[in-house]
1. Out of A89, A19, A60, which single residue is modelled with pLDDT under 80, in a loop (DSSP other than H, G, I, E, B) and more than 28 Å from M175 (Cα to Cα)?
2. If a residue must be β-branched (V, I, T) and in a loop (DSSP other than H, G, I, E, B), how many such residues does the stretch 137-169 contain?
3. For the stretch 115-168, how many residues are more than 19 Å from T73 (Cβ to Cβ) and aromatic (F, W, Y)?
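The values are calculated or read from the model by the stated rules, or taken from the named source; none is laboratory data. All figures in this text were calculated on a predicted structure; none of them were measured in a lab. Every residue, glycine as well, gets a Cβ built from its backbone with ideal geometry; the counts of neighbours run over all protein chains shown.
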Amino acid sequence: MKTTILGMLAVVFTLNIQAQNKNLQTEVKTTVTTIKDSDGEKKLVKSEVTKEVQKVEVEAERPGTKNIPIANTPVEVTNTTTVNHNGVAKVVEVDHSSYYMLDGMKYQLKSEEGGSYTMYTDQNKPSGIMRKTSNNNYIFYNKNKFSVGYFDAEGNFILDTYNNKSDKITTEKFMIQK
């Protein structure tokens, strides 16, 4: 009996010691607005949750050293806004419609129905279509390429494109204009 209890305690403590494979940061911003009108006083509670997840990976081991540095991996940012009005909660999608710059050219993202976006050039010509995936990434499509994109913590749009000829991934960073 004593051996069984000690064995179970050993299993419980070893489960707690396992390594973490991702960095997670969550920020919650809550705003409470009180509205007074002829019907009385109403409270409007708005909660904005920003969740940043970064997978932890290590670089190749360097000979002659004991420390292995952590590889710089992309941060996946998820924004969720919930509005609670008189006990009724409603989830609001974060709109990334804005102007972005890449290589001296100005682009505009305009939101469409269903969480998708259309990218326009500075001459107001469509440059591509973005469709949202289930894991908060976007599939970018235009007549020349298919790419995968996501928004980083600063709100910039990162676009990763696979080049079949060179077997490499190219990354473009569309800087948000504030």
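1. Just a single option satisfies the conditions, and that option is A19.
2. Residues meeting the conditions: 0.
3. 5
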